[in-house]
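Q: Here it is, the structure in full.
The values are calculated or read from the model by the stated rules, or taken from the named source; none is laboratory data. None of these values were measured; they are calculated from a predicted model. Every residue, glycine among them, receives a Cβ derived from its backbone with ideal geometry; neighbour counts consider all protein chains shown. For accessibility, only protein heavy atoms count, side chains too; no ligands or nucleic acids. Shrake-Rupley method; radii C 1.70, N 1.55, O 1.52, S 1.80 Å.
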Amino acid sequence: MKKVKTILLRILRIPALKYIVVTILAVVLIGFLDDNSVWHHIRNKQYISELEDEIAKYEELNQSNQEKIRELDSNPKAIEKIARERYFMKTDEEDIFVLSEDESNEESHASAQ
């Protein structure tokens, strides 16, 4: 016990000890605990890269949509195709038959039970 006490007293007599302790505390506080710490900086960099990837994805989607809009502006057949496929529009001489698998699925579920 006396050896430990003497070692601690010698350590406390070091004149630059308070500066070393303050420097270590400052590095820990600024580097790890502060709002502008290294950890927050790394996390923000990762979040920025995720957002940049999302921006690239949406720019690509925007580009393809712009191409579709240009095609619809220049080609009336494309408008007719969309009207027929999505909205089941037809000319006066045509009949449209919509085939759905929903009813057959319901019948197979009812017979299975």
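Q: Which condition from (1) over 30 Å from Thr91 (Cβ atoms); (2) modelled with pLDDT under 85 is the one that Pro76 breaks?
A: (1)
Q: Might you check whether a residue that is open to solvent by 80 Å² or more (accessible area, probe 1.4 Å) and either modelled with pLDDT of 85 or more or in contact with a helix residue (DSSP H, G or I) (Cβ under 8 Å, 6 or more places away or on another chain) (or both) occurs anywhere in segment 85-101?
A: Yes, segment 85-101 contains a residue that is open to solvent by 80 Å² or more (accessible area, probe 1.4 Å) and either modelled with pLDDT of 85 or more or in contact with a helix residue (DSSP H, G or I) (Cβ under 8 Å, 6 or more places away or on another chain) (or both).
Q: Has segment 25-47 got at least one residue that is open to solvent by 100 Å² or more (accessible area, probe 1.4 Å), of a type in the set (Val, Ile, Thr) and at pLDDT below 95?
A: yes
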